[in-house]
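One structure is given here, and the rest of the page talks about it.
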Amino acid sequence: MASTLSIHDWFNRKQQQKEIARERLDIPGNVWVKCFKCGQAIYAKDLEENLKVCPKCQYHFKLTSAERIRQLTDSFLEINPALTSKNFLNFTDSKSYTARIEDSILKSGLKDAIVTGHARINGFDAALGVMDFSFMGGSMGSVVGEKIARLIEEAIEKKSPVIIFSTSGGARMQESIMSLMQMAKTSAVLGRLRETGIPYISVLTDPTTGGVSASFAMLGDVNLAEPNALICFAGPRVIEQTIRQKLPPGFQRSEYLLAHGMLDAVVDRRELKEALTKLLKFFKN
Amino acid sequence: MAEKKVNRQLLEFEKPLIELYDKLEKLKTMSESGKFDMTEEVKLMEKRIDAVRQQIFSNLSPSQIVQVARFIQRPTTLDYFGMIFDDFVELHGDRNFGDDPAIVGGIATLDGRSVVVMGHQKGHSTKENLTRNFGTAHPEGYRKALRLMRLAERYNKPVISLIDTPGAYPGVGAEERGQAEAIAKNLREMTELTVPFVAAITGEGGSGGALGIAMGNRVLMMEFAIYSVISPEGCASILFRDAKRANEAAVAMKITAKDMLELGVSDEIIKEPPGGAHQDPKLAAKNLKSAIIKNLNPLLSLSARELIADRYNKYRKMGIFNE
């Protein structure tokens, strides 16, 4: 269909490519990176060394699951890497769910929106799950739910504390009711974990919304968040449309949730490993 | 008669009935004037209306089912409580912040057995709906529900929950007071509940706001109820970039009682009277009651541990994927 490409389509495509490039910060050859928030040009290597936090305004860039795992762990052994999503409802919007899955796998290099496995963090064992926003906006479908359930089951078996990093636009609409049921499933498994007395630390990162915040992300024995992360049940746009009012400043950001008692602490990414280590140490001793 | 008037408020797709109702009205006026005896004709016309309605309802599209599920005349949770239970006493408040009018609950008797009951409450008019927030609950609603579940646990009473909500309330206060946390906590605690728990989706099963009180050992669904992760309008505006394509979304999302049964999300479909529950609320309540009793009975002999395991297994196996 390339021959029928209009100027308009061409511009759209250019724009899309730009957006993809923006999201994928680790493109090699990108020597200078502009901070999304303050506009500061940052030398890519410096940004990397600063754990992708802007040295000027402390803006926390989004991390891929691989970057997160690299930043945080001494070692990591992935489990259930082969699970992939299935278009069991034959769902098609502007394109079929099957095509969306294939595209996302290609673009993100991931199989789905979470990576799970056994990690060592400063010498402490943990069952670690890290969501990835670059796979369909970190949306939770059957695979995300199942990988979390299996991670927790293995944690119970091995008596490892559980740490889950969330970043998600919410439930995956293409799996409809089954994605809602993942909220039930993950919460049920966490209930069982709780019974066994094994700790669970939830780390909420930008953004954590909808069905993910209303299930496992809010259920930590300790709930931590990175600074300025959007954390909500209903998104700010939905609320604005409903109440037709301006939202208070800082609404639904980590610091706002902290002030309203929903989080234990907001932790700068550069201090996160240390904070997790302290918690793991507390629970172990 | 007032009740007939109520029935005249028709669903959009019941338009073919308008003409028939008009004719019925004329026949009745003639009959009442005393000049002619039209009793037979009136009866025939009523029969015809029923037949046409049955015809329409035998083949509803998903988006038509959505209209029935949301219909303002559809029996509400308190309507059903009145018809299903004896001695219902409403218990208010979450003991933390307030009393949410969008979720009601309390104690009642079901067929001679003490039960704890709860459900989303919508209104039959705009005024009632404003009071009830259209059945969209705040965190305090979910926390009230949890408090009632704990009460049930302490005194070993089964829990019955009726679900009918467009979703949890999206607002500043709801977010500030932890809408996400309130729902998440309920999900976890419901799995651990030590007493039998039967949930029935009577109208709209709207996303997390519905699930927040719906994780029963058994989940029943009224014939024209819906259950979905997002409203068809919401899905259409996000995925199809056009809320007007809600009809398509309703089809694509698979949200009907039949779909839920096929996907294993619900356990039983409760038959509704011809033309939907609002045409004959008493019959709808009777069907709902017997389905609740039927599904509750086998649970009564299970131990706390078995009940928890039953629920755990039910939700643990949810999900379809490639391995």
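Every number here is computed from the coordinates shown, using simple stated rules; none is lab data. All values derive from a computational prediction rather than experimental measurement. As a convention, Cβ positions derive from the backbone with ideal geometry for all residues, glycine included, and neighbour counts pool all protein chains shown.
Overview of results
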quantity	calculated
Sparsely packed trypsin sites (Lys or Arg not before Pro) within the range A:49-87, loop by DSSP, other Cβ within 10 Å at most 13	A:Lys56
Anchor A:Lys45: lysines whose Cα lies under 19 Å away (excluding residues fewer than 8 positions away in-chain)	A:Lys34, A:Lys37, A:Lys56, A:Lys62
Coordinate range along principal axes, alpha carbons of chain B, Å, largest first	70, 51, 40
Chain B: angle of helix B:281-300 to the longest principal axis, Cα-based, in degrees nearest 10	30 degrees
For the range A:109-174: relative contact order, % (alpha-carbon pairs under 8 angstrom, 6 or more apart)	38 percent
Computed magnitude of the charge dipole of the range B:148-289 (debye, nearest 20; Cβ of K, R +1, Cβ of D, E -1)	300 debye
Loop-resident sites, the range B:21-127, for GluC sites (Glu not before Pro), counting at most 15 other Cβ within 10 Å (DSSP)	none
Loop trypsin sites (Lys or Arg not before Pro), the range A:215-254, which have at most 14 other Cβ atoms in a 10 Å radius of their Cβ (DSSP)	A:Arg244, A:Lys246
Kirkwood-type radius of the protein assembly as shown, with distances r between different C-alpha atoms, in Å	25.8 Å
Fewest-first ranking of A:Ile7, A:Ile101, using other Cβ atoms within 10 Å as the exposure measure	A:Ile7, A:Ile101
At least 20 Å along the helix axis (C-alpha) and Kyte average at least 0.0, DSSP helices within chain A	A:142-158, A:176-196
Rounded if a/c under 1.5, otherwise prolate or oblate - the range A:21-129, Cα gyration tensor axes	oblate
Alpha-carbon Rg/Rh ratio, for the range A:64-284, with Rh computed the Kirkwood way	0.96
Rounded to 5, percent antiparallel among DSSP beta bridges of the range A:21-180	80 percent
Degrees, to the nearest 10: B:39-57 long Cα axis against longest axis of chain B	40 degrees
Contact order relative to length of chain B, as percent, for alpha carbon pairs under 8 angstrom and 6 or more apart	15 percent
Pairs of Cα atoms farther than 19 Å apart, the range B:96-155, %	36 percent
Spatially near lysine pairs across the range B:10-59, Cα under 20 Å, sequence gap of 8 or more or different chains	12
The protein assembly as shown: Cys lacking any partner C-beta under 4.7 angstrom	A:Cys232, B:Cys235
Pairwise centroid distance, computed over Cα atoms, of the range B:234-250 with the range B:165-218, Å	24 Å
Reachable aspartates and glutamates, given that their alpha-carbon falls under 19 Å from the alpha-carbon of B:Lys282 and they are not under 8 places away in the same chain	B:Glu3, B:Asp50, B:Asp79, B:Asp86, B:Asp87, B:Asp111, B:Asp164, B:Glu223, B:Glu272
Taking chain A and dividing mean pair separation by its residue count, relative contact order in percent (alpha carbons under 8 Å, at least six apart)	12 percent
In degrees, nearest ten, helix B:304-316 long axis to first principal axis of chain B (Cα)	70 degrees
C-alpha center-to-center spacing [the range B:105-134, the range A:107-176] in angstrom	38 Å
Dimensions (Å) - the range B:187-270, Cα atoms, principal axes, largest first	45, 25, 18
Shielding by partners, peptide A:233-244 (average Cβ within 10 angstrom, other chains)	5
Antiparallel %, DSSP beta bridges [both residues in the protein assembly as shown], to 5	45 percent
